[in-house]
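What follows is one structure encoded as structure tokens, with my remarks underneath.
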């Protein structure tokens, strides 16, 4: 069978000989709701779709009447072999752990149940209600499934009488130990904040795995055993209430329409329960012909469930029913669902760039080095937030440069840098510079910010006010791909540090609820912008992550109304967006060829910036010169606007070298500030010697660019600060704390 090179090839082969095939993970768990495929075989289209989503999925055979196959599973780890049994020649395979699988023809007109331990440990059967992995599956330890005698249409022996007898006897007798093992594996209790949802999930798992007549004698007992393993067990009353609520969905005999809703949902082919990289639970479902993705506990899902129940039962469901169903769905998604990486608005997937239009049809744009296209049913890669606003459908053969018609900038270098920044924000996965736009009133700062936001990441929040608290800032950053802060007048040290983390990537943790100890983890890398009348990014670490764009005041005779600007912009937006995607296609081809001969600030952005500049028709040298000039401008503005830097440069004016303790330097700088008209009440002015040392560490890089070198050393128990000014010619003169001529008083 050398012609079968992929798992998909094998799956299609198995399907072609009449077998019911499903995709599974390496731990043998199904990647889909596989129950419908006990009654019908998957179509070719379904199999292709599954392996398109999970190309490395293991193919598994749904045994029983549907496939006409029963399997004997002999596990080598229990020292059992096929020599113990009278087995006729039939299709057989070696399992991933070295065991043996024998395949027989399903006896017509009979039900052959799937049973564990039919003849002592290590001998199992797979019949009606079961499935078994087929070659070329690979287990969690890397073990491969291989055919000894390839399964074909006509090489199955009749099921031996002894095998049928043992299988049915094992099913009738049952085994509490084996039932326990099935659903307790890996369920070793949970934290206080997750007890109720996990109890709902456990109840569903237990009831699905236990025969109805054993649900109380075995099922309830095992739920109690699980509960005792929790850090803080639920009360018997709480646990019983959850058990009874879930139990009604698993009753045998008569059920009402609401009771069967969950089971019907899970049988639908177009519903996938899964969790993301943070463990949050989601459901992908078909709504009016397109696929939507929602958090299992979201308001949208609760509304959708209410509609589904009303359509089925012709009555409004209670809030308790909705709560129980969402808890059960979340539990299944968490414990049994596959993990998908979800991102907001823009992401990489299989080395392709994807952009979520966040429209009602849930369409996305797929971008490669060859072209871009509109995709009606994108893969499971995006999540949405309530603030997300639909993006307009882009035009083919657009023009990204139309954006510059709405920019109040005449400087050619700044226009190029702003275009590069705009397009770079459509490429995730590396640190982007933060666009810092400043200028006087009437320079159209807010209008420019709103237009940039509308192109990149449209939102009901066009531009945001800068949050007062650290918690609000972290949450705002977590829920937006691109965020623009408007009219910022001050940024604290803590907020500046958070913005630095947001630019280069970092994690944040906050408590979920006061009544539990659960954490919410935020881990993000964001594209950012802010504007203000003055430059507020005066802290060196944030400033070196910034791109400075200065606007000039628009004269009254040149002003336009916002209505006129936005009406024209909305007309041009499809062409602008289509033009951006055209540029991105070129960028993906050009970027791998770009080489930089020296290191630049924000090196990843500089590298992508070169590719973007070339895709726009410029040279990488034009871009790098513009970016270098911008970083020089950053240093000048930092040193001019930073009170400590201003004091240091004034203090060292005419001095070649100075060395003393931090305490002495703080005293001299304070004296210099008084006579140099420097405001020592400004928030950034140090409060003491230790604070001064920290600020000098921050300023060491920009001061070095001005040929002023600061070093801090320790001798014994004393610390010393040494400052060398290379702008002054070499002399034998050294200044220290005892040199009266160094006093500027």
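The values are calculated or read from the model by the stated rules, or taken from the named source; none is laboratory data. A quick note: this is a predicted structure, and the numbers were derived from the prediction, not measured. Backbone-built Cβ (ideal geometry, glycine too); neighbour counts: all protein chains shown.
Which count do you get for residues in the range 571-594 that are without any contact (Cβ under 8 Å) to a residue 40 or more places away in the chain and in contact with a helix residue (DSSP H, G or I) (Cβ under 9 Å, 6 or more places away or on another chain)? Let's see the steps before the verdict.
So the first thing to find is which residues in the range 571-594 are without any contact (Cβ under 8 Å) to a residue 40 or more places away in the chain, and the list is 571, 586, 590-594.
Subsequent filtering for residues that are in contact with a helix residue (DSSP H, G or I) (Cβ under 9 Å, 6 or more places away or on another chain) retains 586, 590-594.
Going through the range 571-594 one residue at a time, the tally reaches 6.
Do we have residue 395 as outside any loop (DSSP other than H, G, I, E, B) and touching a residue at least 24 places away in the same chain (Cβ under 8 Å) here? Break it down stepwise before answering.
Details: outside any loop (DSSP other than H, G, I, E, B): no; touching a residue at least 24 places away in the same chain (Cβ under 8 Å): yes.
Spelling it out, it is not the case that residue 395 is outside any loop (DSSP other than H, G, I, E, B) and touching a residue at least 24 places away in the same chain (Cβ under 8 Å).
Yes/no per residue for (1) assigned by TED's automatic domain parsing to the domain that holds residue 335; (2) modelled with pLDDT of 85 or more; (3) within 27 Å of residue 155 (Cβ to Cβ); (4) surrounded by 15 or more Cβ atoms within 10 Å (Cβ to Cβ):
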| position | (1), (2), (3), (4) |
| --- | --- |
| 19 | no, yes, yes, yes |
| 23 | no, yes, yes, yes |
| 29 | no, yes, no, no |
| 33 | no, no, no, yes |
| 45 | no, yes, no, no |
| 57 | no, yes, yes, yes |
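Could you tell me whether residue 386 is in contact with a helix residue (DSSP H, G or I) (Cβ under 9 Å, 6 or more places away or on another chain) and in a loop (DSSP other than H, G, I, E, B)? Against the criterion (in contact with a helix residue (DSSP H, G or I) (Cβ under 9 Å, 6 or more places away or on another chain) and in a loop (DSSP other than H, G, I, E, B)), residue 386 qualifies.
All of (1) surrounded by 13 or more Cβ atoms within 10 Å (Cβ to Cβ); (2) at pLDDT 85 or above; (3) not in a loop (DSSP other than H, G, I, E, B) hold for residue 124 with one exception: (2).
Residue pairs whose Cβ atoms lie under 8 Å apart, separated by 6 or more positions or on different chains, with the first residue in the range 660-677 and under 16 Å from residue 694 (Cβ atoms) and the second at pLDDT 85 or above and part of a loop (DSSP other than H, G, I, E, B), are 666/686; 666/688. The number of residues in the range 356-383 that are part of a loop (DSSP other than H, G, I, E, B) and within 17 Å of the chain's Cα centre (by Cα) comes to 6.
Matching residues to (1) in a helix (DSSP H, G or I); (2) out of contact with any strand residue (DSSP E or B) (no Cβ under 9 Å at 6 or more places or on another chain); (3) on the phi > 0 side of the Ramachandran plot; (4) surrounded by 12 or more Cβ atoms within 10 Å (Cβ to Cβ):
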residue	(1), (2), (3), (4)
552	no, yes, no, yes
557	yes, yes, no, no
564	yes, yes, no, no
569	yes, yes, no, yes
585	yes, no, no, yes
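Return yes when residue 723 is surrounded by 12 or more Cβ atoms within 10 Å (Cβ to Cβ) and assigned to a strand (DSSP E or B) and no when it is not. For residue 723, the condition - surrounded by 12 or more Cβ atoms within 10 Å (Cβ to Cβ) and assigned to a strand (DSSP E or B) - is met.
Residues that are crowded, with 16+ Cβ neighbours inside 10 Å and at pLDDT below 75 within the range 78-92 comprise just one, 80. Quick check on the range 381-395. Is at least one of its residues at pLDDT 90 or above, closer than 30 Å to residue 31 by Cα and in contact with a strand residue (DSSP E or B) (Cβ under 6 Å, 6 or more places away or on another chain)? For the range 381-395, residues at pLDDT 90 or above, closer than 30 Å to residue 31 by Cα and in contact with a strand residue (DSSP E or B) (Cβ under 6 Å, 6 or more places away or on another chain): present.
Is it the case that some residue within the range 472-483 is in a strand (DSSP E or B), modelled with pLDDT of 85 or more, buried (at least 19 other Cβ atoms within 10 Å of the Cβ) and out of contact with any helix residue (DSSP H, G or I) (no Cβ under 6 Å at 6 or more places or on another chain)? Yes, that holds for at least one residue. Within the range 636-685, track down each residue that is modelled with pLDDT of 80 or more, within 26 Å of residue 545 (Cβ to Cβ) and part of a helix (DSSP H, G or I). Residues satisfying the conditions are 643, 644, 645, 646, 647, 648, 649.
Condition (residue is more than 25 Å from residue 460 (Cα to Cα), surrounded by 15 or more Cβ atoms within 10 Å (Cβ to Cβ), in the same structural domain as residue 274 (by TED's automatic domain parsing) and touching a strand residue (DSSP E or B) at 6+ places or on another chain (Cβ under 8 Å)) applied to the range 313-320: is it met by at least one residue? So far as the range 313-320 goes, no, none of its residues is more than 25 Å from residue 460 (Cα to Cα), surrounded by 15 or more Cβ atoms within 10 Å (Cβ to Cβ), in the same structural domain as residue 274 (by TED's automatic domain parsing) and touching a strand residue (DSSP E or B) at 6+ places or on another chain (Cβ under 8 Å).
Suppose the filter is surrounded by fewer than 20 Cβ atoms within 10 Å (Cβ to Cβ) and either within 23 Å of residue 495 (Cα to Cα) or in the same structural domain as residue 492 (by TED's automatic domain parsing) (or both); does residue 681 pass it? It would help to see each step written out before you state the result.
Working: surrounded by fewer than 20 Cβ atoms within 10 Å (Cβ to Cβ): yes; either within 23 Å of residue 495 (Cα to Cα) or in the same structural domain as residue 492 (by TED's automatic domain parsing) (or both): yes.
Criteria met by residue 681.
For the range 606-643, a residue qualifies if it is more than 18 Å from residue 542 (Cβ to Cβ) and crowded, with 23+ Cβ neighbours inside 10 Å, and the qualifying residues are 609, 610, 611, 612, 613, 623. Taken over the range 619-649, the residue count meeting the criterion of being in contact with a helix residue (DSSP H, G or I) (Cβ under 6 Å, 6 or more places away or on another chain) and free of Cβ contacts under 8 Å to residues at least 60 places away in the same chain is 4. Of the residues making up the range 364-374, those that are surrounded by fewer than 19 Cβ atoms within 10 Å (Cβ to Cβ), touching a residue at least 40 places away in the same chain (Cβ under 8 Å) and touching a strand residue (DSSP E or B) at 6+ places or on another chain (Cβ under 8 Å) number 1. Selection of the range 492-531 for residues being outside any strand (DSSP E or B), modelled with pLDDT of 85 or more and closer than 26 Å to residue 458 by Cβ yields 495, 498, 499, 501, 502, 503, 504, 525, 526.
Just for the range 289-319: of the residues that are in a loop (DSSP other than H, G, I, E, B) and more than 25 Å from residue 341 (Cα to Cα), which one is modelled with the lowest pLDDT? Looking at residues that are in a loop (DSSP other than H, G, I, E, B) and more than 25 Å from residue 341 (Cα to Cα), I get 314. Scanning the range 400-430 for residues being in a loop (DSSP other than H, G, I, E, B), crowded, with 17+ Cβ neighbours inside 10 Å and more than 18 Å from the chain's Cα centre (by Cα) gives a total of 3.
The single condition among (1) part of a helix (DSSP H, G or I); (2) touching a helix residue (DSSP H, G or I) at 6+ places or on another chain (Cβ under 7 Å) that residue 449 does not satisfy is (2).
Beta carbons closer than 6 Å, at least 6 apart along the sequence or on distinct chains, pair a first residue in the range 153-176 that is in the same structural domain as residue 65 (by TED's automatic domain parsing) and closer than 13 Å to residue 87 by Cβ with a second that is surrounded by fewer than 18 Cβ atoms within 10 Å (Cβ to Cβ) and modelled with pLDDT of 65 or more for 156/105; 157/88; 158/105; 159/107.
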